[in-house]
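Remarks on the structure that follows.
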Amino acid sequence: MGINTQSYVSFNWTGLIKARARTLVGLFCAAVIITSPAALDISAEIIQKVKAKYGAEASGRLVNWQSLVEVSKNLPEKEKLKRVNDFFNENTLFVSDYQLWKVNDYWATPIQMLAKGAGDCEDYSIAKYFTLLELGVPDSKLRLTYVKAIELNESHMVLTYFNTPRSVPLVLDNLDFDIKLATKRKDLVPVYSFNGSGLWLAKARGSGKSIGSSSRLKMWQKLKSRMRTEKI
């Protein structure tokens, strides 16, 4: 299925998008103003707890994550995208939520993902998102984007980066490790996206149609709550 530069949505995916939007509305709860959880300021105590519970390799991933942030803050944005995308794709394995957490859907914090060395597509996207925020990439340029992965025939999440509000976004993915323009990812059909402030129906150019605030997503709120009171 092709994706053109005017819109990701083609053929009969419009119905799927509308259905997903209705599902989102059903998940809404009371709005909470976004804060940036201090999850990347990892204490020595947390590192030691991770080492005791998961081993030296796990604590090493946290130390390397901190190092990545420290050495990457002054890099150009495109280089930040590459380094963060490569770090999580190369240092963690794809494992389903049920295998890791014994539940059908769980959004892990970046620390939880690195401690276990594994996560699913949402965990990859979330970890990359918060790391790039820490590196100074504006929230307005980043979107956590749910897509239809055509070859897998299932829902999937990626992180997208908009250089300008009207740009075709770049896709950071754990299926294809290369960062590519969304129009080159013909295996993906975006459905909706969100970031720290908003929620949109996905579109190739521009912000797409706003359908509310991301602070109304229950899974998003639960994730941020766990990040504020990190437990491993």
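The values are calculated or read from the model by the stated rules, or taken from the named source; none is laboratory data. Worth saying up front: this structure is predicted, and the values here are computed from it rather than measured. Ideal geometry is used to build each Cβ from the backbone, glycine not excepted, and the neighbour counts take in all protein chains shown.
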Name the residue that is surrounded by the fewest Cβ atoms within 10 Å (Cβ to Cβ), counting only residues in segment 85-122 that are of a type in the set (A, V, I, L, M, F, W, C), in contact with a helix residue (DSSP H, G or I) (Cβ under 6 Å, 6 or more places away or on another chain) and more than 21 Å from Leu152 (Cβ to Cβ).
Phe87
Selection from segment 133-154 of residues that are touching a strand residue (DSSP E or B) at 6+ places or on another chain (Cβ under 6 Å) and farther than 17 Å from Gly198 by Cβ
Val147, Lys148, Ala149
Arg143 is checked against (1) crowded, with 23+ Cβ neighbours inside 10 Å; (2) among the basic types (Lys, Arg); (3) part of a helix (DSSP H, G or I) and fails just one. What number does that condition carry?
(3)
Quickly run through segment 69-84 and pick out the residues that are loosely packed, with under 15 Cβ neighbours inside 10 Å, among the aliphatic types (A, V, I, L, M) and part of a helix (DSSP H, G or I).
Val71
Considering only residues that are more than 25 Å from Leu93 (Cβ to Cβ), out of contact with any Leu (no Cβ under 8 Å at 6 or more places or on another chain) and either modelled with pLDDT under 95 or buried (at least 17 other Cβ atoms within 10 Å of the Cβ) (or both), which ones fall in segment 163-185?
Thr164, Pro165, Arg166, Ser167, Thr183
Is it true that Ala149 is touching a Ser or Thr at 6+ places or on another chain (Cβ under 9 Å), over 28 Å from Gln66 (Cα atoms) and surrounded by 24 or more Cβ atoms within 10 Å (Cβ to Cβ)?
no
